[in-house]
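J.: I have a structure here, written as structure tokens, and I will follow up with some questions on it.
The values are calculated or read from the model by the stated rules, or taken from the named source; none is laboratory data. In this text the structure is predicted, and so the values were computed from the model without any measurement. Every residue, glycine as well, gets a Cβ built from its backbone with ideal geometry; the counts of neighbours run over all protein chains shown. Ligands, DNA and RNA are stripped out before the accessible areas are found, and what is left, the full protein with its side chains, is counted by its heavy atoms. Shrake-Rupley method; radii C 1.70, N 1.55, O 1.52, S 1.80 Å.
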Amino acid sequence: MSQFCLGKGLLGSVLLAASFHVFAAPVIDVHSDPNCGCCGDWVAHLEEHGFEVNHHREGNVRDIKVANGVTPELASCHTALIDGYVIEGHVPASDIKRLLEERPDVAGLSVPGMPHGSPGMETGRVDDYAVLSWRHDDQTPEIFREYTQ
């Protein structure tokens, strides 16, 4: 009986340790204009979904966009970096988690512009929008996920 209890306890410890690894909060560096309110709302959305956020409020986010391959067609008001990926704009936390789980060969995800109803842009109006992905070598966007009403 003691071997069974020991084995069961060991299995429980392994599963518990694995669950801590799976649910560890990824750190994301968000770069935004110091006066942007919706950027702060998006940061709050990420924190509510388990992300640890380093929010850098800077005057010239454009340089970060250019350095990370964010074209004007992909651009929004803030740029984030996490685990080798670029996150541009109001991308839902669930899509960032999916990106990190699946690890596709893309540069990152973007929600171009500032669509109403996306995380951080809860204005009462809800627009259809798409989360796009792109590659460093071919910046032609592809749909990662669509949000429609």
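J.: Would you check if residue 118 is closer than 18 Å to residue 39 by Cα and open to solvent by less than 20 Å² (accessible area, probe 1.4 Å)?
T.: So residue 118 fits the description; yes.
J.: Name the residue that is surrounded by the fewest Cβ atoms within 10 Å (Cβ to Cβ), counting only residues in the range 58-67 that are in contact (Cβ under 8 Å) with a residue 12 or more places away in the chain and not in a helix (DSSP H, G or I).
T.: Out of the qualifying residues, it is 59.
J.: Go through (1) open to solvent by 60 Å² or more (accessible area, probe 1.4 Å); (2) closer than 23 Å to residue 122 by Cα and name the single condition residue 42 misses.
T.: Only one criterion is unmet by residue 42, namely (1).
J.: If you take the residues in the range 125-149 that are of a type in the set (Asp, Glu) and closer than 15 Å to residue 104 by Cα, which one is most open to solvent (accessible area, probe 1.4 Å)? So that I can check it myself, show each step before the final result.
T.: Within the range 125-149, the first condition is being of a type in the set (Asp, Glu), and the residues that meet it are 127-128, 137-138, 142, 146.
Applying the additional criterion that residues be closer than 15 Å to residue 104 by Cα yields 137-138, 142.
Details: 137: 138, 138: 76, 142: 104 Å².
Once the filter is applied, the top-ranked residue is 137.
J.: Taking only the range 68-103 into account, find how many residues are among the hydrophobic types (A, V, I, L, M, F, W, C), without any contact (Cβ under 8 Å) to a residue 60 or more places away in the chain and farther than 21 Å from residue 36 by Cα. Let's see the steps before the verdict.
T.: Step one: of the range 68-103, the residues among the hydrophobic types (A, V, I, L, M, F, W, C) are 70, 74-75, 77, 80-82, 86-87, 91, 93, 96, 99-100.
Add one more test, that the residue is without any contact (Cβ under 8 Å) to a residue 60 or more places away in the chain, and what stays is 70, 75, 77, 80-82, 86-87, 91, 93, 99.
Narrowing further to those that are farther than 21 Å from residue 36 by Cα: 99.
Summing the residues that are among the hydrophobic types (A, V, I, L, M, F, W, C), without any contact (Cβ under 8 Å) to a residue 60 or more places away in the chain and farther than 21 Å from residue 36 by Cα in the range 68-103 gives 1.
J.: I'd like to check something: does the range 74-82 contain any residue that is over 13 Å from the mean Cα position of the chain (by Cα), surrounded by fewer than 20 Cβ atoms within 10 Å (Cβ to Cβ) and at pLDDT below 95?
T.: So far as the range 74-82 goes, yes, one or more of its residues are over 13 Å from the mean Cα position of the chain (by Cα), surrounded by fewer than 20 Cβ atoms within 10 Å (Cβ to Cβ) and at pLDDT below 95.
J.: Taking the range 34-57 on its own, how many of its residues are in contact with a strand residue (DSSP E or B) (Cβ under 7 Å, 6 or more places away or on another chain) and either touching a residue at least 12 places away in the same chain (Cβ under 8 Å) or in a strand (DSSP E or B) (or both)?
T.: Residues meeting the conditions: 11.
For every residue, the table says whether it meets (1) among the acidic types (Asp, Glu); (2) within 15 Å of the chain's Cα centre (by Cα); (3) modelled with pLDDT under 95.
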| residue | (1), (2), (3) |
| --- | --- |
| 111 | no, yes, no |
| 114 | no, no, no |
| 118 | no, yes, no |
| 139 | no, no, yes |
| 149 | no, no, yes |
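J.: Further question on the same structure: Here is a check on your reading of the model: is residue 64 under 13 Å from residue 131 (Cα atoms) and of a type in the set (Val, Ile, Thr)?
T.: Taking the combined requirement at face value, the residue does not satisfy it.
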